[in-house]
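Visitor: Can you keep this structure in mind? I'll have questions shortly.
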Amino acid sequence: MEPYLQADAYLHVASQVLAKLNRAFVAQQPDDCHTNLRYKDSEKRIYGRRIMVPDAGLQFLPSIHLPTMKLEMVHPTTKSIVASLSMAGKPISEFNEELVAWLKEHTLETLIFRENMHYDIPDYGIDSYRALTQEELTAWHEGRKQANQLLDALATKLAQTDKKSRIWPHHFDTGIYVKLESGVGIGAGFAMKDKYCNEPYFYLAVYSDEHEFPSDTKLTHGLWVSDERFNGAVIAFPSNHVEEFFAEVLTAYGLA
């Protein structure tokens, strides 16, 4: 598990550059979804949102290519690499200045990009970018690939939607939120280890005034957790029972 945890912390820091690009150059949304990301496991890339620069005739998807630890601007249609900036081996401050220079060269305003994000992430003691080890890359890729597959399938099952899971840069969880025709909201995801679980974990929570939190129902897989921030169920990773866990939690809420 240690290689996964190391990669999780490091990529949480590295992904903030994508979140900052999203915040600076993508239309703002009330729920902050304009800052979120997607891990394309087939490419081993974490993608930001599409950025367009009409005056320069430029459009690209900012991405971090994990095997090379390069920030690559990918054309959304042709998939060609518009620009590539190496991250590995550079202090974060030095890399940011290199990126700011590229943005200015392409007529993109850098003031908002330079500002701190409107949230804090843990202090991991990381001040330079580095390459992932093969063990870290494999562990993180497999974990987030499984998260994509299970959560995308759950969204389709619940709401018949092709909505894909996204990574939220604040907590760095891969998550979905779907609203049923009844108005019930369901949030599920794959989170970093925190106070709810000492390992990375899958979670599911239901948001409804008509469905009480069924914490007195015994779960075969996972456990209920509840506090002022979260009422739902969690199951530690790795597990072969995540699909059963989702089904069991939904059944407890009377939603299966």
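Visitor: Could you check the range 12-52 and list, in sequence order, the residues that are among the hydrophobic types (A, V, I, L, M, F, W, C), open to solvent by less than 20 Å² (accessible area, probe 1.4 Å) and in contact with a Lys or Arg (Cβ under 9 Å, 6 or more places away or on another chain)?
Guide: Correct list: Leu18, Leu21, Leu37, Ile46.
Visitor: Of all residues in the range 109-137, which are open to solvent by 50 Å² or more (accessible area, probe 1.4 Å) and part of a helix (DSSP H, G or I)?
Guide: Matches in the range 109-137: Leu111, Ile112, Arg114, Gln134, Glu135.
Visitor: List the pairs whose first member sits in the range 37-58 and is more than 15 Å from Val26 (Cβ to Cβ), whose second member is among the acidic types (Asp, Glu) and open to solvent by 70 Å² or more (accessible area, probe 1.4 Å), and whose Cβ atoms are under 9 Å apart, counting only residues at least 6 apart or on separate chains?
Guide: That search, which allows pairs on different chains as well, returns Asp41/Glu142.
Visitor: Across the range 53-75, which residue is surrounded by the most Cβ atoms within 10 Å (Cβ to Cβ) among those that are outside any strand (DSSP E or B) and in contact with a helix residue (DSSP H, G or I) (Cβ under 7 Å, 6 or more places away or on another chain)?
Guide: Leu66
Visitor: Residues that are surrounded by 19 or more Cβ atoms within 10 Å (Cβ to Cβ) and touching a residue at least 24 places away in the same chain (Cβ under 8 Å): list the strands (runs of 3 or more DSSP E) wholly contained in the range 143-256 that include at least 1 such residues.
Guide: By residue number, 166-168, 173-179, 185-191, 201-207, 231-236.
Visitor: Identify all residues within the range 70-101 that are touching a residue at least 24 places away in the same chain (Cβ under 8 Å) and basic (Lys, Arg); write none if there are none.
Guide: Lys90, the sole residue that qualifies.
Visitor: Next question. Take the residues in the range 29-71 that are of a type in the set (D, E, K, R) and touching a Leu at 6+ places or on another chain (Cβ under 8 Å); name whichever of them is farthest from Lys163 (Cα to Cα).
Guide: It comes out as Lys70.
Visitor: Could you tell me which numbered condition Ile64 fails, if it satisfies all but one of (1) at pLDDT below 95; (2) within 15 Å of the chain's Cα centre (by Cα)?
Guide: (1)
The values are calculated or read from the model by the stated rules, or taken from the named source; none is laboratory data. Not measured: the values here are computed from a predicted model. Neighbour counts are summed over all protein chains in view; Cβ atoms, including those assigned to glycine, are modelled from backbone coordinates with ideal geometry. The accessibility values were calculated without ligands, DNA or RNA, using every heavy atom of the protein model including side chains. Shrake-Rupley method; radii C 1.70, N 1.55, O 1.52, S 1.80 Å.
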